1. So how many residues does region 45-72 have that are farther than 16 Å from T111 by Cβ, more than 18 Å from the chain's Cα centre (by Cα) and in contact (Cβ under 8 Å) with a residue 24 or more places away in the chain?
2. Any residue in region 84-97 that is over 11 Å from Q116 (Cα atoms) and touching a residue at least 12 places away in the same chain (Cβ under 8 Å) sitting within a Cβ distance under 6 Å of a residue that is loosely packed, with under 10 Cβ neighbours inside 10 Å and among the acidic types (D, E)? List the pairs, counting only those 6 or more apart or interchain.
3. Please state which one of V32, V50, V85 is farther than 30 Å from S132 by Cβ, touching a His at 6+ places or on another chain (Cβ under 9 Å) and aliphatic (A, V, I, L, M).
4. Output the residues belonging to region 120-140 that are modelled with pLDDT of 85 or more and either more than 17 Å from L61 (Cβ to Cβ) or in a strand (DSSP E or B) (or both).
5. Being on the phi < 0 side of the Ramachandran plot and at pLDDT 90 or above narrows it down to one residue among A70, A45, A117; which is it?
Amino acid sequence: MNRLGMKRRRLRGSREGVSLVELLIAVMLIGVVVTSLGGMSFTAARQSVVLAADGYLRGVLTQEVNRLHAIPFPQLPSGSSCVSVTTGSFPHTRCLTITTVNVWTRSISVTVTPTQAGVKPATVSFTRYEPSSYNPLGWP
C-alpha cells in the first residue's frame, strides 16, 4: 500500500468525534429556541393576568347591575357617586350615575375602572321603569 492511501484512511478515521464548529452551531440553535420559548411564556403569562382581571371586572359590573335592579324604583336616588376599592384581589374605582328622565324612567350608568395597567375600563348603561299600578283585569 502506498503512503497516499494510508493518509486517506487516517483522515477518515480521525473524524469520529464532534468538532468545535458543530458544537457551537448546536449551542446557538438551542439558545435561539430557548429565547423564543421564553418570550412566548412571558407573553402568555401577561395575557393570563389581563384575562383574570377582565373576569373580575365583569363580575363587579354584574354585581352592581344586580344590586341596582333589586332596589325598589322609588328608592333610586338621582346623582353621581364614585367608590374606590383598594382591598381584595381586584382594586378598582366604581362610578354610578343615575339620571331621572321623567317620573317613570331613570337612566343608570355604571363604570368600573381597574387600577391595574393593561385592563380597560368597562361601562354598562340601562334604563329602569317604574312598574304600572294599573291592572287591566280590575283585580287588586
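The values are calculated or read from the model by the stated rules, or taken from the named source; none is laboratory data. As the structure is a prediction and not an experimental result, all values here were calculated from the model. When we count neighbours, we look across all protein chains shown, and the Cβ atoms used for this are built from the backbone with ideal geometry, even at glycine.
1. Going through region 45-72 one residue at a time, the tally reaches 1.
2. Between residues of region 84-97 that are over 11 Å from Q116 (Cα atoms) and touching a residue at least 12 places away in the same chain (Cβ under 8 Å) and residues that are loosely packed, with under 10 Cβ neighbours inside 10 Å and among the acidic types (D, E), there is no close pair.
3. Numbers: V32 fails: touching a His at 6+ places or on another chain (Cβ under 9 Å); V50 fails: touching a His at 6+ places or on another chain (Cβ under 9 Å).
Only one candidate qualifies: V85.
4. Applying the first criterion (modelled with pLDDT of 85 or more) to region 120-140 yields 120-130.
If the condition is that a residue be modelled with pLDDT of 85 or more and either more than 17 Å from L61 (Cβ to Cβ) or in a strand (DSSP E or B) (or both), then A122, T123, V124, S125, F126, T127, R128, Y129, E130 are the ones that fit.
5. So the residue among A70, A45, A117 that is on the phi < 0 side of the Ramachandran plot and at pLDDT 90 or above is A70.
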